[in-house]
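Beneath this line is the structure, given in structure tokens, with notes to follow.
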Amino acid sequence: MRIPFVAANWKMFKTVQEAFLYAKEFAPVVKDITDVEIVLAPPFTALHTVAEALRNTNVGVAGQNMHFEREGAFTGETSAGMLVEAGAGYVIIGHSERRTLFGETDATVAKKIAAALSADLVPIACIGETLAERERGDTLAVLDRQIHDGLAPAVDPADVSKLVVAYEPVWAIGTGRTATAEQAQEAHAHIRRRLRDQYGEEAAATCRVIYGGSVKPANTRELVTQPDVDGALVGGASLDLNAFAEIVARSRRDTV
Ligand code: PGA
């Protein structure tokens, strides 16, 4: 049975002080929820502070991005090793905002995933189609390309169980427009089929595939009850502590 995985992607929101107060208040609220893997992804400036605030709790910390090189003259970048040292156990890779606003490609995503895995960071690898691609009927082909070029070259069979794949239809991110439960399930089942083709039945069955795109408390249940949806990557709604705690609680298997 896959343990549900729910992550808060704070994007470029929250100062160090705001992030610290949230983490301190959030941890006790979710302390008894041990059947969901819970992760906060603060901005880099707050990462170490949040990790310290969450030390010895059941809440993990993720970076929102990383560079694939170990170190070097890459102004503005952060390596996997730096994230680990700052207290992260996870890293979001290839978010659609990184792809569309910062020029990331499947090729850079593959390098980042490989570097994350070798630094013992759990990659939360984001894939998903744009509205134009969905309207052209290309959704599944886009997912195939992103898996084939972005994930497969970086992930060995032994690493599949460590990987988290986030299916985030770009048209649903920050728009208030969520994929229907059926649309999400169709995409997730397809992703799992491709993982199965690539890595075999057993490995594919262990990989968490989570949904992202306008997840809120009110739509969490219908999404996470789909057989191939294993949790959520939450942007806007995760900025509110109570809303995010509610999403975590509604992602538990025994309550669905
Ligand atoms: P949203 O963002 O929940 O605000 O749509 C999700 C994401 O970008 O990961």
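The values are calculated or read from the model by the stated rules, or taken from the named source; none is laboratory data. Keep in mind that this is a model prediction, so the values were computed, not measured. Virtual Cβ from ideal backbone geometry, glycine too; neighbours counted across all protein chains shown. Only protein heavy atoms, including side chains, enter the accessible area calculation; ligands, DNA and RNA are left aside. Shrake-Rupley method; radii C 1.70, N 1.55, O 1.52, S 1.80 Å.
A few comments on the model shown:
- Test: residue in segment 96-103 that is crowded, with 20+ Cβ neighbours inside 10 Å, over 14 Å from the mean Cα position of the chain (by Cα) and within 12 Å of the ligand (Cβ to nearest atom): yes
- Inspection of segment 221-228 finds no residue satisfying the criterion of being over 20 Å from Ala23 (Cβ atoms), in contact with a Lys or Arg (Cβ under 7 Å, 6 or more places away or on another chain) and within 10 Å of the ligand (Cβ to nearest atom).
- For Ile173, the conditions (1) among the β-branched types (Val, Ile, Thr); (2) over 17 Å from the mean Cα position of the chain (by Cα); (3) at pLDDT below 95 all hold with the exception of (2).
- Those residues of segment 187-220 which are within 16 Å of the ligand (Cβ to nearest atom), open to solvent by 60 Å² or more (accessible area, probe 1.4 Å) and either under 21 Å from Val142 (Cα atoms) or touching a residue at least 12 places away in the same chain (Cβ under 8 Å) (or both), in sequence order: Lys216
For (1) within 16 Å of the ligand (Cβ to nearest atom); (2) part of a helix (DSSP H, G or I); (3) at positive phi, each residue gets a yes or a no:
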site	(1), (2), (3)
Ala7	yes, no, no
Phe13	yes, no, no
Ala27	no, yes, no
Asp35	no, no, no
Leu40	yes, no, no
Ala51	no, yes, no
Arg55	no, no, no
Glu77	no, no, no
Gly81	no, yes, no
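- Every test in (1) within 16 Å of the chain's Cα centre (by Cα); (2) within 14 Å of the ligand (Cβ to nearest atom) is passed by Gln146 save one, and that test is (2).
- Matching residues in segment 22-48 - criterion: being more than 15 Å from Ile247 (Cα to Cα) and touching a residue at least 24 places away in the same chain (Cβ under 8 Å): Tyr22, Ala23, Lys24, Glu25, Ala41, Pro42, Pro43, Phe44, Thr45, Ala46, Leu47, His48
- When we screen Ala184, Ala115, Ala166 for residues that are within 14 Å of the ligand (Cβ to nearest atom), touching a residue at least 40 places away in the same chain (Cβ under 8 Å) and farther than 24 Å from Phe13 by Cβ, the only hit is Ala184.
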